[in-house]
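To keep things clear, I will list the structure first and then write my remarks on it.
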Amino acid sequence: MFLSPILPEISLFFGALLILLADVFFAKNKQEFFRVSYLIALVSCFVSIFFISQNIFAFGKFFNQMFFLNSFICFVKFVAIALLIFVIILSLNFLSKSKEISAEFLALFMISTVGGMFLISANDFMTFYLGLELQALPLYLLAAIDRKSAKSSESGMKYFILGSVASGLLLLGISIFYGFSGTTNFDAATALYSSNKVPPAVVLGFILIIIAMFFKISAAPFHMWTPDVYEGSNTIVTTFFATVTKFISALVLVRLFLDFSRGWAGIENVMILVGISSIAVGSFGAIRQTNIKRLLAYSSIAHVGFVMLALSASSLEAIKASVLYMVVYACISLGTFGFLNLITGLKNRTDLSGDELDDKIFDIKTFSGLAKTNPIMSLILAILLFSTAGIPPLAGFFIKFYAIVAVVKSGFVISAVIAVLLSVVAAFYYLRLVKIMYFDDVKENQLEFDSRLNPKLVVAIMAAFNLLFMLYMNSLVTTVSTMLGF
Amino acid sequence: MNNSFPILSVLIFLPIVAACLMLFIKSKNYKNFFHFGLLISFITFVLSIKLLFSFDKANSAFHFVEVFRVVRLDGFKYYLGIDGISILMIVLTTFLTPICLAISINSVKTRIKEYVIYFLLLEGFVIGSFCALDLLLFYIFFEAMLIPMFLIIGIWGGAQRIYASYKFFLYTLFGSVLFLIAIVYIYAKTGSTDIYILKAELPNLTPTEQKWLWMAFFISFAIKVPMFPFHTWLPDAHVQAPTAGSVILAGILIKLGAYGMIRFSLPFFPAACEFFANFVFVLSIIAIIYASLVALMQEDMKKMIAYSSVAHMGFVTMGIFSLTRQGIDGAIMQMISHGLVSAALFMCVGVIYDRLHTKQIADMGGIVNKMPNFAFLAMIFTMGSVGLPGTSGFVGEFLAIIGTFQASKITAILSAVGVVLGACYMLWLYKRVLFGEIVNNKIESLKDLNAIELASLGIIAFFVILFGLLPNLILTYFEQPVSQLIALF
């Protein structure tokens with residue numbers, strides 16, 4: 001069928017439109033509307049996954065070479081939608097709590113994911129730009145979705161302005177690229193530069209293009225928005241940023257490398273620089289943070305640094321390592337941010353609301369003595385934190401190990417040493433959180449958790465994923481290799 | 001024993017799985033948790049004893065080898081096996097863990113369930129690292145044991161516990177990441193982390209590479225041992241840790257560093273070992289003499305014994321890098337002896353601390369009048385620590401010094417000075433704490449050892465003397481592996 005390559009996108013988009021339509025019919029009954037839109041969202045995700053699985057061996061270029069499909073891209077889409085499903089399940093708490101916000105934010109999640117799917121499939125800088133914008137615009141709205149919260153509005157504004165600058169740089173990069181190469185098509189560019197020498201201006205254009213992606217995945221020095229937006233946005237929105245958006249954007253970068261810049265002189269230096277500075281910023285920046293969302297934001301900057309460092313090696317193994325890293329890291333952050341989603345409020349503190357309440361909830365001091373009041377939840381968080389810190393035998397260790405092996409194999413031993421030493425600094429603040437939960441005494445503010453089973457299950461599954469990673473690591477690595485086609 | 005029965009995996013995972021199960025057990029009577037933990041660790045002990053008796057000393061290959069293909073990452077696999085050195089360390093571990101739990105029954109009152117869980121986890125991880133025949137697998141267990149130990153010190157420790165637990169964790173983690181980089185480098189070079197393959201391939205690396213890798217391994221292990229100048233975390237950790245934590249730390253965890261040197265540094269980088277031997281001698285001598293002098297000046301009993309550990313471990317590293325049969329034999333003997341003696345000494349301090357709630361030497365005196373049994377057992381351990389002939393401490397130090405004498409006379413002579421200093425501070429400690437007049441009313445009301453304390457200290461004392469009189473009981477176990485090591489030099 002003519003449309004079959006983009007059926008996954010279409011079905012997801014259709015679901016989003018249905019939710020917006022349902023808003024009209026259920027305007028009176030909010031709870032009913034939440035239930036219906038939740039259901040529509042899940043169903044359309046599963047339909048989309050079904051179409052992806054139909055496409056998974058359909059290689060090819062479609063729509064005038066604008067749209068590209070192969071097993072790797074289908075794999076990325078598959079993981080992205082799986083993450084989206086988990087985020088939708090986690091949003092139950094938010095849906096039931098908020099009185100003013102309607103469920104249209106589910107539609108925004110889905111539209112943004114559709115944008116991401118076009119982005120990863122792009123085979124032409126035109127599709128690329130459109131996909132990027134389609135992904136970004138709902139995100140600006142989402143960041144500011146808590147209309148009454150000053151912080152949320154601030155983060156939306158900040159994200160919008162910086163995001164626009166990044167889009168501008170991207171367009172500039174595409175123009176330069178086009179001006180010197182005469183094409184916006186990926187294949188044409190690959191063919192042109194695989195035999196000829198790459199002119200410096202094209203490299204410059206390409207660097208401007210990847211800067212837009214650095215901005216999206218919050219790699220230093222383009223990370224400034226991350227802590228503010230992560231802190232200011234609603235937790236469920238932050239979860240979406242940290243999992244779906246970050247995952248797709250990082251893999252778009254991987255794809256750009258895989259497709260046509262591998263071996264370009266100078267690119268690997270940019271990646272090393274960005275990688276090391278991200279790890280440094282992430283590790284040192286997190287030390288002074290007292291808000292757990294900001295802390296996790298810095299931690300995600302550091303993790304992205306490892307992916308960039310692995311990419312700098314630009315060998316096939318490095319690309320495999322970075323894909324694996326992003327898949328696993330997306331699951332870890334789904335766990336940590338999902339954990340934050342489970343928090344419904346504070347016991348015995350009904351006097352607070354809005355920003356004040358959020359500040360209290362996400363202050364790391366509030367977590368003190370959690371191990372005594374809620375041992376299971378604190379165990380789950382501790383597992384996730386140790387995994388993020390890269391302590392074996394948890395998943396976080398193996399992905400770091402793989403990334404570092406790739407870097408060392410390409411001969412960048414010094415950068416590997418720096419990266420690993422910096423991760424000791426990072427271990428300090430994860431430990432501090434564990435210390436607060438396990439060693440400190442219970443304070444007056446006690447966290448209250450969502451009692452529903454499904455969201456809890458998501459977080460528990462992610463913790464188990466980290467704990468038992470060793471057992472199925474091999475099959476995951478094999479899957480990633482097959483999907484990458486080597 | 002049936003070869004297909006995965007006894008090593010059972011040893012490792014019995015405590016770990018039991019600890020996980022405990023999460024779901026609820027009980028009002030906190031002693032039930034202790035009893036459950038004791039039961040599990042006792043079963044593990046019995047299994048390890050069975051392993052010890054079915055061990056074939058004459059066979060030089062690794063025993064009870066297990067390879068599981070489930071966990072595999074290109075070159076990395078789940079690969080276990082033991083030789084004469086590791087079997088003894090495993091038995092030491094399984095022997096000390098139930099004792100640790102037993103002596104905690106009366107002294108630990110809070111969060112019992114977690115306490116037992118962490119000890120069982122720790123036991124599993126430690127056994128795992130002694131069994132691992134894959135470098136990465138070793139590293140995984142080596143790192144993983146940081147978590148329970150960090151929590152044990154941090155939750156049940158003394159007033160400065162948080163500072164001490166952080167220092168312990170970050171210090172060790174710093175060492176481990178250097179180790180990790182070395183592993184990554186080796187993996188990138190050879191494509192494997194299997195010990196057999198690495199033994200064959202690594203000596204072919206260029207001398208510069210070998211030296212750097214040796215250095216990375218050494219710093220990591222030296223922090224764990226701990227050697228001068230990386231020893232500063234140990235006194236803090238010991239002073240702040242609960243009694244059982246100190247016992248396990250002194251008895252087993254710090255042996256892992258020395259074990260790593262024997263298992264990895266020597267066979268992987270023989271040339272670099274010879275190159276750096278004198279450097280290690282210098283550090284060991286500094287550790288022996290400097291730590292002994294520092295120990296003399298301590299006012300806190302635990303701190304003094306901690307510094308004595310640094311000094312005793314100096315003999316171990318010195319013995320290992322003498323690269324002679326006697327030296328390495330002595331080092332291993334000293335590891336086992338020190339594991340028993342220092343564990344027992346920390347338990348003695350714990351006994352006093354439970355009764356008087358102080359560890360200051362100045363607050364004590366004349367305890368012998370009230371606690372004769374305790375004084376008798378403490379005397380045996382003091383003598384073991386001093387290295388009196390007839391105790392296991394003597395065999396280890398004596399062999400280590402003989403071995404070193406062949407390699408470097410001046411080192412051996414200087415280390416003998418350390419033995420004298422050791423006698424000074426240990427005997428002086430004994431005199432100040434146990435002899436003399438009863439200095440205050442609290443001591444007047446002391447009760448002698450209870451049944452659990454008497455039994456656990458008594459068993460250890462028995463072994464200290466047994467190994468002192470019949471060292472061949474254990475020396476024969478590592479005859480084969482040490483011969484293989486010596487053949488490299």
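Worth a mention:
- Looking only at the range A:431-486, residues that are out of contact with any strand residue (DSSP E or B) (no Cβ under 7 Å at 6 or more places or on another chain) and not in a helix (DSSP H, G or I) come to 11 in all.
- Residue tally, condition in contact with a helix residue (DSSP H, G or I) (Cβ under 6 Å, 6 or more places away or on another chain) and facing another protein chain (nearest Cβ under 9 Å), over the range B:163-175: 4
- Residues that are within 21 Å of A:GLY282 (Cα to Cα), touching a strand residue (DSSP E or B) at 6+ places or on another chain (Cβ under 8 Å), modelled with pLDDT of 85 or more and not basic (Lys, Arg) occur at least once in the range A:391-398.
- Number of the exception - B:LEU388 against (1) touching a Ser or Thr at 6+ places or on another chain (Cβ under 8 Å); (2) part of a loop (DSSP other than H, G, I, E, B); (3) aliphatic (A, V, I, L, M): (1)
- Scanning the range B:449-482 for residues that are within 20 Å of the chain's Cα centre (by Cα), assigned to a helix (DSSP H, G or I) and under 13 Å from B:SER337 (Cβ atoms) gives B:ILE460, B:ALA461, B:PHE463, B:VAL464, B:ILE465, B:LEU466, B:PHE467, B:GLY468, B:LEU473, B:ILE474, B:LEU475.
- Flag if B:GLY128 is more than 10 Å from chain A (Cβ to nearest Cβ) and of a type outside the set (Val, Ile, Thr): no
- Test: B:ASP194 is touching an Asp or Glu at 6+ places or on another chain (Cβ under 9 Å), away from chain A (no Cβ under 14 Å) and among the acidic types (Asp, Glu): yes
- Of residues in the range B:406-448 being in contact with a Leu (Cβ under 8 Å, 6 or more places away or on another chain) and assigned to a helix (DSSP H, G or I), the one surrounded by the most Cβ atoms within 10 Å (Cβ to Cβ): B:TYR425
- Cβ separations smaller than 6 Å between residues 6+ apart or across chains give the following pairs from the range B:43-63 residues that are of a type in the set (Lys, Arg) to residues that are loosely packed, with under 13 Cβ neighbours inside 10 Å: B:LYS57/B:THR476.
- Qualifying residue in the range B:238-257 (condition: away from every other protein chain (no Cβ under 12 Å), in contact with a strand residue (DSSP E or B) (Cβ under 9 Å, 6 or more places away or on another chain) and either in contact (Cβ under 8 Å) with a residue 24 or more places away in the chain or of a type in the set (S, T, N, Q) (or both)): yes
- The range B:99-113 - residue that is of a type in the set (Val, Ile, Thr) and within 14 Å of chain A (Cβ to nearest Cβ) and, of those, farthest from B:ILE16 (Cα to Cα): B:THR110
- Selection status of B:ILE147, part of a helix (DSSP H, G or I), within 12 Å of chain A (Cβ to nearest Cβ), of a type in the set (Val, Ile, Thr) and within 20 Å of the chain's Cα centre (by Cα): yes
- Of all the listed residues (A:ILE414, A:ILE376, A:ILE399, A:ILE380), the sole one being surrounded by fewer than 20 Cβ atoms within 10 Å (Cβ to Cβ), more than 9 Å from chain B (Cβ to nearest Cβ) and part of a helix (DSSP H, G or I) is A:ILE414.
- Only one of the listed residues (B:LEU133, B:LEU96) is more than 30 Å from B:SER192 (Cα to Cα), away from chain A (no Cβ under 14 Å) and touching a Gly at 6+ places or on another chain (Cβ under 6 Å). That residue is B:LEU96.
The values are calculated or read from the model by the stated rules, or taken from the named source; none is laboratory data. These numbers come from a predicted model, not from an experiment. Cβ sites come from the backbone with ideal geometry, for glycine too, and all protein chains shown count toward neighbours.
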